Amino acid sequence: MAIPKNTFLVIIGFLATFSIVLAKPGIASFYNSSYVPSKCYGTKPQGDMVAKVGSKSLWNGGAICGKNFNVTCTGETNKYLLHPCTGKSVVVKIVDYCPECTADATFYLPEKAFETISMVMAFEVKIDYVQIK
């Protein structure tokens, strides 16, 4: 039995709306140094698409280690650089906690991951993030 085209479109629309509702707002910044060693994995590298967490509540004593998040740029935090977003999203794995980082960001992404979602010269951007289960 085939699903009618209209029903399929309604289901897709519902799922897209549902995922938007689950997204949380935050701030992303970037770093260009190595993340190794990290608080989650010590000296064991975890690849290029990783992130440090800047929020103590999100870090939650390390419970977030190894979790994956879809991160999407939603806008600028700097009024001098309008429209920094690329329109793309990136999936990152949490590997570290960075309470001493200088920007007030939710996530600190390596430069490669940051430039996927934003122009690097923005330094920090508004984001939506969703945990991928």
### Query
Which pairs have Cβ atoms under 6 Å, sit 6 or more apart or on different chains, and link a residue in segment 32-55 that is open to solvent by 40 Å² or more (accessible area, probe 1.4 Å) to one that is among the acidic types (Asp, Glu)?
Asn32/Glu111; Lys39/Asp96
### Task
Could you please let me know if Thr86 is farther than 22 Å from Ile132 by Cα and either surrounded by 16 or more Cβ atoms within 10 Å (Cβ to Cβ) or at pLDDT 90 or above (or both)?
no
### Query
Do you know which of the residues in segment 10-31 that are at pLDDT 50 or above and open to solvent by 100 Å² or more (accessible area, probe 1.4 Å) is nearest to Phe123 (Cα to Cα)?
Pro25
### Query
Can you spot a residue in segment 98-109 that is in a helix (DSSP H, G or I) and open to solvent by 40 Å² or more (accessible area, probe 1.4 Å)?
no
### Given (1) crowded, with 17+ Cβ neighbours inside 10 Å; (2) at pLDDT 95 or above, number of the condition Asn68 does not satisfy
(1)
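Counting just the residues of segment 71-82 that are of a type in the set (S, T, N, Q) and under 16 Å from the mean Cα position of the chain (by Cα), which one comes out surrounded by the fewest Cβ atoms within 10 Å (Cβ to Cβ)? Steps first, please.
Taking segment 71-82 as the starting set, the residues that turn out to be of a type in the set (S, T, N, Q) are 72, 74, 77-78.
Filter again for under 16 Å from the mean Cα position of the chain (by Cα), leaving 72, 74, 77.
On the way: Thr72: 20, Thr74: 16, Thr77: 18.
Here the residue is Thr74.
The values are calculated or read from the model by the stated rules, or taken from the named source; none is laboratory data. Just so you know, these numbers come straight off a predicted model, no measurement behind them. So basically every Cβ, Gly included, is an ideal-geometry build from the backbone, and we count neighbours across all protein chains shown. Only protein heavy atoms, including side chains, enter the accessible area calculation; ligands, DNA and RNA are left aside. Shrake-Rupley method; radii C 1.70, N 1.55, O 1.52, S 1.80 Å.
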